[in-house]
Amino acid sequence: MELKDYRCTRNALYQHNCLGQNDISARQGYYIKAHGIEEAWEKMAIRFPEETELGFTVQEWEPFDVKIVEIKRDKYGNIIQ
């Protein structure tokens, strides 16, 4: 069985005032390689043993390529090619 990527989030409420405090979709994801959802969950439990009762959200994740491009502008705001 091959390793897959999983995006895992902590279900416990965030303690600081931020978007993710009450909105799980705004939370930081942990990207874990595992053989299945259960193994990804177990890896999160090792990282956050005090949060296993509330659990974790685990989703299979499809990685994608990201290209970073620097855009430079002249003193007038025009893009320099």
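The values are calculated or read from the model by the stated rules, or taken from the named source; none is laboratory data. Not measured: the values here are computed from a predicted model. Methodologically, a virtual Cβ is constructed for each residue, glycine included, from the backbone with ideal geometry; neighbour enumeration extends over all protein chains shown. Heavy atoms of the whole protein, side chains included, go into the accessibility calculation; ligands, DNA and RNA do not. Shrake-Rupley method; radii C 1.70, N 1.55, O 1.52, S 1.80 Å.
Would you check which residues across the range 21-36 are within 9 Å of Asp5 (Cα to Cα) and either of a type in the set (D, E, K, R) or free of Cβ contacts under 8 Å to residues at least 24 places away in the same chain (or both) and list them?
Within the range 21-36, Lys33 is the sole residue that qualifies.
Taking the range 69-81, which residues are open to solvent by 100 Å² or more (accessible area, probe 1.4 Å) and among the polar types (S, T, N, Q)?
Gln81
For every residue, the table says whether it meets (1) farther than 16 Å from Trp61 by Cα; (2) open to solvent by less than 90 Å² (accessible area, probe 1.4 Å).
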position	(1), (2)
Arg7	no, yes
Ala12	yes, yes
His16	yes, no
Leu19	yes, no
Asp23	yes, yes
Arg27	no, yes
Tyr30	no, yes
Ile37	no, yes
Glu42	yes, no
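Go through the range 14-30 and give me each residue that's more than 10 Å from the chain's Cα centre (by Cα) and closer than 22 Å to Glu42 by Cβ.
Passing the criteria: only Ile24.
Could you list, ordered by first residue, the pairs with Cβ atoms under 9 Å in which the first is in the range 55-81 and in contact (Cβ under 8 Å) with a residue 24 or more places away in the chain and the second is among the acidic types (Asp, Glu), at least 6 apart or interchain?
Note: pairs meeting the criteria are Val58/Glu38; Glu60/Asp5; Trp61/Asp5; Glu62/Asp5; Pro63/Asp5.
Output the number of residues of the range 52-68 satisfying the condition of being open to solvent by 100 Å² or more (accessible area, probe 1.4 Å) and modelled with pLDDT under 90.
6
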